[in-house]
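Visitor: Sharing a structure with you now.
The values are calculated or read from the model by the stated rules, or taken from the named source; none is laboratory data. No experiment lies behind these values; they were computed from the predicted model shown. Here Cβ is always computed from backbone atoms with ideal geometry, including for glycine, and neighbour counts include all displayed protein chains.
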Amino acid sequence: MKDAPFYFVQMSDAHIFGDPAREFHGTNPARNLRAAVHWINSLDPQPEFCIHTGDAVAEESEAAYRLFNEEIAGLKVPVYFAVGNHDHRSSLRRFVLNETPASDASYAYDFEVGGWHMVVLDSSDPPQVSGRIDAAQLLWLERTLQRQAHQPTVVFLHHHPLPLGVPWLDELRLKDATPFIEVLRRAPWVRSVFYGHVHFESHLTLGHLHFASVPAVSFQFGETAWCDKFSSLPPGLRLVYLEGESLRTVVHRLA
Ligand SMILES: [Fe+2]
Ligand SMILES: [Fe+2]
């Protein structure tokens, strides 16, 4: 019997400050995150899970992680996390994942929902803003994908692996992405790769692979080389619908 259709929500780049009143480029990140949680909680039926794909906080302070955690704890569904360049692994592990003691190790893992294999990577490369997946994690990814060969799979990470045509952001993408793309190409059961970091929606196709970025829950960046650096578009998140082995997705803006 086929697994029943289901959906999940991807949100990204909450960029929370320790001060809940603090605004940045015309948005209040804490208020936006609360609005996102409220909207997700109003969905009927509820998603199977929610994933935040990095840049939980905008500053390295305990108050920022605690505020992020407090808001995200309002969700009624299980929540998963990927590490972004603004997040310190050990702080995310300590304040969001409640690990004691909190290590600084890469946070890459996988889980299964409704017959789908979900793989979450850690592309953070401190102190760089750009991303990197080191050889050990690449090996783990290859083994993890091959172990569950032919199972429809979705991969999550923070950084965009392919250039999107915005020069200043493309400088900050996943560095040395070729071996990563090659691992994905050897796994034709991988349907989509979802990420944040660029704070706008985009889609690319490469062979069997679909790559998509999601708007930020906080402020938005311009999506072409000819736009202003910041965009006035509202915050957004992504809904991903999975049925059998097919996937469709849409962005919802929190106007
Ligand atoms: Fe970000
Ligand atoms: Fe980022």
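Visitor: Does residue 161 satisfy the criteria of being under 30 Å from residue 24 (Cβ atoms), touching a Lys or Arg at 6+ places or on another chain (Cβ under 9 Å) and not charged (D, E, K, R)?
Guide: Yes; evaluated as a whole, the condition is true for this residue.
Visitor: Looking at region 89-118, I want the residues that are within 28 Å of residue 152 (Cα to Cα) and in contact (Cβ under 8 Å) with a residue 24 or more places away in the chain and have a partner that is aromatic (Phe, Trp, Tyr) and assigned to a helix (DSSP H, G or I) with Cβ atoms under 7 Å, at least 6 apart or on another chain. Which pairs are those?
Guide: Filtered contacts from region 89-118: 108/140.
Visitor: Here are 237, 247, 184, 242: which of them is of a type in the set (A, V, I, L, M, F, W, C), assigned to a helix (DSSP H, G or I) and either touching a Leu at 6+ places or on another chain (Cβ under 6 Å) or under 29 Å from residue 4 (Cα atoms) (or both)?
Guide: None of the other options fit; the residue is 184.
Visitor: Just to check your reading of the model, which residue among 85, 98 is assigned to a loop (DSSP other than H, G, I, E, B) and buried (at least 18 other Cβ atoms within 10 Å of the Cβ)?
Guide: 85
Visitor: Something else about it: State all residues of region 68-87 that are closer than 15 Å to residue 119 by Cα and of a type outside the set (Gly, Ala, Ser); if no residue qualifies, say none.
Guide: 79, 80, 81, 83
Visitor: Of all residues in region 1-34, which are aliphatic (A, V, I, L, M), surrounded by fewer than 18 Cβ atoms within 10 Å (Cβ to Cβ) and either modelled with pLDDT under 95 or not in a loop (DSSP other than H, G, I, E, B) (or both)? So that I can check it myself, show each step before the final result.
Guide: Just the residues of region 1-34 that are aliphatic (A, V, I, L, M), to begin with: 1, 4, 9, 11, 14, 16, 21, 30, 33.
Keeping just the survivors that are surrounded by fewer than 18 Cβ atoms within 10 Å (Cβ to Cβ) gives 1, 4, 21.
Selection gives 1, 4.
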